[in-house]
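Student: If you scroll down you'll find the structure; I have some questions about it.
The values are calculated or read from the model by the stated rules, or taken from the named source; none is laboratory data. Note that the structure is predicted; figures quoted are calculated from it, not measured. Counting neighbours? That spans all protein chains shown, and the Cβs are built from the backbone with ideal geometry, glycine included. To get the accessible areas, we keep the full protein, side chains included, count just its heavy atoms, and leave off ligands, DNA and RNA. Shrake-Rupley method; radii C 1.70, N 1.55, O 1.52, S 1.80 Å.
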Amino acid sequence: MIEFHGWIVIRESYSEESDGCFDINNILKDLEVVLKLLSSDIEFVIRSKNGMFQLSLFGFLNHKNESFDDLIFVINWIANNAIGSYGLIY
């Protein structure tokens with residue numbers, strides 16, 4: 001059994017001064033497309049509060065399968081496309 005819960009704050013860059021170099025709206029649109037293409041048992045929810053965007057996620061898997069691979073893919077996608085993002089998955 002694999003159980004996980006987590007959150008990731010989606011940020012364009014590491015510093016607020018660099019945020020203008022990237023477009024958070026395009027990043028979020030692309031992320032939504034990525035999430036819709038997954039045939040995963042994982043629950044992904046993007047929320048906005050006070051100008052910050054967060055991806056919440058959780059899953060209960062019977063074993064390591066394609067859904068687990070989808071989770072790793074999403075984490076890597078965020079790391080490569082929204083380099084200032086941070087979060088916790090446990």
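Student: Find the accessible area per residue for the chain; the probe is 1.4 Å, ligands and nucleic acids are left out, and the unit is Å².
Tutor: 66 Å²
Student: Tell me the mean residue ellipticity at 222 nm calculated for the chain from its helices only (DSSP H runs of n ≥ 4, each -39500 (n - 2.57), averaged over every residue, nearest 500).
Tutor: Estimated from H runs of four or more residues: -11000 deg cm²/dmol.
Student: Still on this structure, I have one more. Leaving out same-chain residues fewer than 8 places away, which lysines sit with a Cα under 30 Å from that of K49?
Tutor: Candidates past the 8-residue exclusion: K29, K36.
Student: Using alpha carbons only, how many degrees (0 to 90, rounded to 10) separate the axis of helix 66-81 from the longest principal axis of the chain?
Tutor: Tilt of helix 66-81: around 10 degrees.
Student: Follow-up question, since we're still on this one. If you place +1 on the Cβ of every Lys and Arg, -1 on the Cβ of every Asp and Glu, and leave all else neutral, what size is the dipole of the chain about its Cα centre, to the nearest 20 Debye?
Tutor: Charge dipole, the chain, about its Cα centre: 160 debye, nearest 20.
Student: Using Cα atoms only, what is the angle between the long axis of helix 24-37 and the major principal axis of the chain, expressed in degrees (0 to 90) to the nearest 10?
Tutor: Value to nearest ten degrees: 20.
Student: Quick one: grab the alpha carbon gyration tensor of the chain, order the square roots of its eigenvalues as a ≥ b ≥ c, and give me rounded if a/c is under 1.5, else prolate or oblate depending on whether a/b is larger than b/c.
Tutor: Prolate, because a/c is 1.5 or more and a/b exceeds b/c.
Student: Taking Cα centroids, how far is region 72-90 from region 42-68 in Å?
Tutor: A separation of 11 Å, based on Cα centres.
Student: Taking a ≥ b ≥ c as the square roots of the Cα gyration tensor eigenvalues, with a/c under 1.5 meaning rounded and otherwise prolate when a/b beats b/c, else oblate, which class fits region 28-71?
Tutor: It comes out oblate by the Cα gyration axes.
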